[in-house]
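Everything on this sheet refers to the single structure shown next.
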Amino acid sequence: CSTCHGLAAQGTDVAPTLQGVGAQAADFYVRTGRMPLDKPGDQPLRSHPELTSGEIDAIVAYIGSLGGPAVPQVDPSSGNLGQGMRLYSQFCAGCHQIGVRGGVVTDAFAPDLRPATATEIAEAVRIGPYVMPVFDEQLIDPQELNSIVRYVQFAQQPDNRGGWGIGNIGPIPEGMVAWFLGGVALLFIARLIGERNE
């Protein structure tokens, strides 16, 4: 970390200070493999962590000792699924899609939320990684955060009892697939009728 953030975590012209960011930011970035970056300035994307669990715990403890918020405690089971969907639609779906599959925003990618744990979702909401805005407790209180996390966990493995989920990629692509399959079926029926009339 010190190569970019400085020996005292004071920050450099390459990377920001880590003093005061708290354990939650360190935990989010390192545990999800977003740090260390191969090239400073690149978007930190989720990957396999380069450090062991013990090393991650040690870094998180050190950065946490420099001040700032702790790793958030989140309890999705106490959240309200309906409220979570409403809040997610309001604050998150514009970038991450209502189906939590991620998307593209100006100069960045909004990541797919399917691999995210409850703690990682809560951390991201509070720290606003990369171009994501920060949602503090005045905007999203802890109970609302529990509801958002509950909805995201529901959307990670949606209930497709109504039929074929087609990867839950959204209504427009799914509608196009339905039209395509319907068109193929109509062509097949028209061909059958045409062969019988010959």
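The values are calculated or read from the model by the stated rules, or taken from the named source; none is laboratory data. Quantities reported herein were computed from a predicted structural model and do not represent experimental measurements. Here Cβ is always computed from backbone atoms with ideal geometry, including for glycine, and neighbour counts include all displayed protein chains. We work out accessible area using only protein heavy atoms, side chains counted, and drop any ligands, DNA or RNA first. Shrake-Rupley method; radii C 1.70, N 1.55, O 1.52, S 1.80 Å.
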Report, in deg cm²/dmol and to the nearest 500, the calculated mean residue ellipticity at 222 nm for the chain, where each DSSP H run with n ≥ 4 adds -39500 (n - 2.57) and the sum is divided by the residue count.
-14500 deg cm²/dmol
Find which of Pro40, Cys1, Ala26 sits farthest along the positive direction of the dipole of region 1-48, computed with +1 on the beta-carbon of Lys and Arg, -1 on that of Asp and Glu, about the Cα centre.
Ala26
Inverse mean reciprocal Cα-Cα distance (Kirkwood Rh) of region 1-150, Å
16.0
Given a 1.4 Å probe and the protein chains all in place, what does the accessible area of Glu123 round to, in Å² to the nearest 10?
0
Roughly how big is the chain's charge dipole about its Cα centre, with Cβ charges of +1 (Lys, Arg) and -1 (Asp, Glu), in debye to the nearest 20?
540
Taking amide hydrogens as modeled 1.01 Å from N in the peptide plane, which residues meet the under 5 Å criterion relative to Gly103, leaving out close sequence neighbours?
Ala110
Based on C-alpha coordinates, I'd like the Rg and Dmax of region 62-102, in Å.
14.6, 38
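Which three numbers, in whole Å and largest first, are the semi-axes of the equivalent ellipsoid of region 96-153 derived from its Cα gyration tensor as √(5λ)?
18, 14, 9
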Principal axis dimensions, largest first and in whole angstrom, of region 42-81 by Cα:
35, 26, 22
Provide the per-residue ³J(HN,Hα) series for region 181-186, in order, calculated from phi with Karplus coefficients 6.51, -1.76, 1.60 and θ = phi - 60°, each as a whole number of Hz, with x at glycine and proline positions.
5, x, x, 4, 5, 5
For the chain, the longest principal axis of the Cα atoms and the Cα long axis of helix 81-91 enclose an angle in degrees, to the nearest 10, of 80
